[in-house]
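Engineer: Let me begin by handing over the structure; questions about it come next.
We did not get these values from a lab; they are worked out from the coordinates using the rules stated. Predicted model only: the values in this text are computed from it and were never measured. Neighbour counts run over all protein chains shown; Cβ positions are idealised from the backbone, glycine included.
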Amino acid sequence: MKTLYLPASDPNTCDAAAKILREGGLVAIPTETVYGLGANGLDPEAVAKIFVAKGRPNDNPLILHVADPIQMEDFAYDIPAAAYLLAEKFWPGPLTMILPAKPIVPKSTTGGLKTVGIRCPDNDTTREIIRLAGVPVAAPSANLSKKPSTVTAQHVLHDHDGKIDAVVDGGHCRVGVESTIVDLTERPPRLLRPGGITPEQIFEVLGELTVDKSVTQELDPDEIAKAPGMKYIHYTPQADVVIISGDREQAADYINHFFEPGDRVMCFEEELELYRNCAPLAYGREADPESLSAGLFDALRELDDPAIKRIFARCPEGGGIAYAVQNRLKKAAGFHIIRVGGAK
Ligand code: AMP
Ligand code: MG
């Protein structure tokens, strides 16, 4: 199969992408979070192709993307007031809400659950494609299963060229990490995955929020995950990732001491000087956490190389978007964290 390359700037792109989706094909779409691998979310055969292309386990649910916030009513029922408040405040935007699924949503999209994740993405091209397609678009991140997410059309082609119908190139994703996921089927609502909308922002609107254990800790092997997707390995390059946390100078001493051929360092721009002999790759500025979220998956993908055996990674501290970066890096590292020195 030839994968069509459709630039967002081309006036025919939205019509062409919508037609492929209507006909049951796969189109990678740009969003403000990461690129998604999209199919008609109401067509089980189309959705099945996503799982095959990604090598994704069937019980890992997909997020249903809508063109307009009010369309959540087409695919969910028993929608609590909190969902309307969040939609009003954060949609279009990087927030996914888990709601009870209407029967129209196939089991293949929900991974067999009674709930569905719905999001209205903040990308004009993609919302226009969904509108023209006339169907909600089920789309997980467009990376191969277990691999770091795709934040450019080139990343998508690297993973799927010749295996999907088209990719729409909308440039580099602004946020760079996947959407925040909030489960609104329980009270208080539960944060299942941090992302571009921060827990602080949600708390400000709802006045309540709990954080699921899987956000901060590795689940025990026999523990039942709240969302099936959480039990799977995520974001992993081929090398072992080890987070070295703590004071800047002490971390640098540790890494420089243990650094061996085949190792790489993923650090903040402010620290490059400290790793002159350790092949450092900066993924953003520590003082600008949004640059870290935007650059995280570029760096993890660049370091996804069989010649690299181990990656020492520096991880930002604190809340806001840094919290989402911590979550992704900890998952990439399988929660392997070495704390050096005192707190900063
Ligand atoms: P991805 O877009 O690849 O990040 O995958 C979507 C993720 O959204 C899944 O792995 C789940 O963690 C989450 N998700 C989607 N639908 C649901 C749902 N109904 N309940 C809980 N989590 C969900
Ligand atoms: Mg994913």
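Engineer: Where in the range 71-94 does the label zone of residue 114 land, with the point 7 angstrom along Cα→C-beta and an amide N cut-off under 16 Å?
Structural biologist: The answer is 76-80.
Engineer: Which distance in nm do the two modelled labels at residue 257 and residue 213 give, with both placed 7 Å along the Cα-to-Cβ direction?
Structural biologist: With each label point 7 Å from Cα toward Cβ, the separation is 3.4 nm.
Engineer: While we're on this one: Using θ = phi - 60° and the Karplus curve 6.51 cos²θ - 1.76 cosθ + 1.60, what whole-Hz ³J(HN,Hα) does each residue of the range 69-84 get, with Gly and Pro shown as x?
Structural biologist: Computed from phi, the couplings for the range 69-84 are x, 5, 5, 4, 5, 6, 10, 9, 10, 6, 7, x, 4, 4, 5, 5 Hz.
Engineer: Using 7 Å Cα-to-Cβ label points, what is the residue 305/residue 45 separation (nm, one decimal)?
Structural biologist: If labels sit at residue 305 and residue 45, their model points lie 4.4 nm apart.
Engineer: Right, another one. Beyond 26 Å between alpha-carbons counts as too far, so tell me which of 19/163; 163/309; 146/309; 89/147; 19/89 fall in that bin.
Structural biologist: 163/309; 89/147; 19/89
Engineer: When we measure straight from the Cα of residue 114, which lysines land under 21 angstrom away, once same-chain ones fewer than 8 places off are left out?
Structural biologist: Within the straight-line limit of under 21 Å, residue 114 reaches these lysines: 102, 226, 231.
Engineer: Taking amide H positions as placed in the peptide plane 1.01 Å from N, state which residues far from residue 102 in sequence (5 or more) or on other chains have amide H under 5 Å from it.
Structural biologist: Distant-sequence amide H within range of residue 102: 76, 77.
Engineer: Per 0.36 nm of contour for each residue apart, how much would the distance between residue 172 and residue 68 grow if the chain were fully extended, relative to their Cα-Cα spacing?
Structural biologist: Stretched fully, the residue 172-residue 68 segment lengthens by 35.1 nm.
Engineer: HN-Hα J couplings of the range 325-337 from phi, Karplus 6.51/-1.76/1.60, θ = phi - 60°, integer Hz, Gly and Pro as x?
Structural biologist: Residue by residue, the range 325-337 yields 5, 4, 4, 5, 5, 5, 5, 4, 8, x, 6, 8, 10 Hz.
Engineer: Place a point 7 Å from the Cα of residue 238 along the Cα-to-Cβ direction; which residues of the range 111-145 have their backbone N under 18 Å from it?
Structural biologist: 144-145
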